[in-house]
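Here the structure comes first, spelled out in structure tokens, and everything after it is commentary.
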């Protein structure tokens, strides 16, 4: 795992790009994506909340390949609660499995649960280091 600085979206199209998400689905069937990189993804890809909401309703709150090298990375059940380390760790395992299945050689993910989520990077980093190898890049704004 390598830590990098920059804009997550600069890697879209050249690496698998992750968006940190929650598992709450609205009455309209859309994944709630109110802030951070999830909000940015929602603004870039207007059909994404409905697509992710459908996956969550059927399969639960898990890592999903959303197409075009974009994937979800759950950190919480709801955007109204603090991210859970146990969910982040499960997402790490699922992302490694998806990366192997897809044959991705470069996977970029913002610091999960940090920033708007409120977790400290020093809490989250050891979890990621246990699971991620040299294919994984954790990005933070410069």
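The values are calculated or read from the model by the stated rules, or taken from the named source; none is laboratory data. These numbers come from a predicted model, not from an experiment. Methodologically, a virtual Cβ is constructed for each residue, glycine included, from the backbone with ideal geometry; neighbour enumeration extends over all protein chains shown.
Here is a yes/no grid of residues against (1) farther than 18 Å from residue 99 by Cβ; (2) modelled with pLDDT under 95:
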{"residue": "18", "(1), (2)": "no, no"}
{"residue": "25", "(1), (2)": "yes, no"}
{"residue": "31", "(1), (2)": "yes, no"}
{"residue": "36", "(1), (2)": "yes, yes"}
Looking across region 29-51 at residues that are out of contact with any helix residue (DSSP H, G or I) (no Cβ under 8 Å at 6 or more places or on another chain) and touching a residue at least 12 places away in the same chain (Cβ under 8 Å), the single one that is surrounded by the fewest Cβ atoms within 10 Å (Cβ to Cβ) is 34
Surrounded by fewer than 22 Cβ atoms within 10 Å (Cβ to Cβ) and either on the phi > 0 side of the Ramachandran plot or at pLDDT below 95 (or both): is that true of residue 67 in this structure? yes
Looking only at region 52-64, which residues are surrounded by fewer than 17 Cβ atoms within 10 Å (Cβ to Cβ) and not in a loop (DSSP other than H, G, I, E, B)? 54, 57, 58, 59
Please go through region 99-116 and give me each residue that is in contact with a strand residue (DSSP E or B) (Cβ under 6 Å, 6 or more places away or on another chain) and closer than 15 Å to residue 72 by Cβ, ordered by number. 99, 104, 107, 108, 109, 110, 112, 113
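Among the residues of region 86-120, which ones are at pLDDT 95 or above, over 23 Å from residue 14 (Cα atoms) and surrounded by fewer than 21 Cβ atoms within 10 Å (Cβ to Cβ)?
Looking only at region 86-120, we keep the residues that are at pLDDT 95 or above, and these are 86-112.
Subset that is over 23 Å from residue 14 (Cα atoms): 86-90.
Scanning region 86-120 gives 86, 87, 89, 90.
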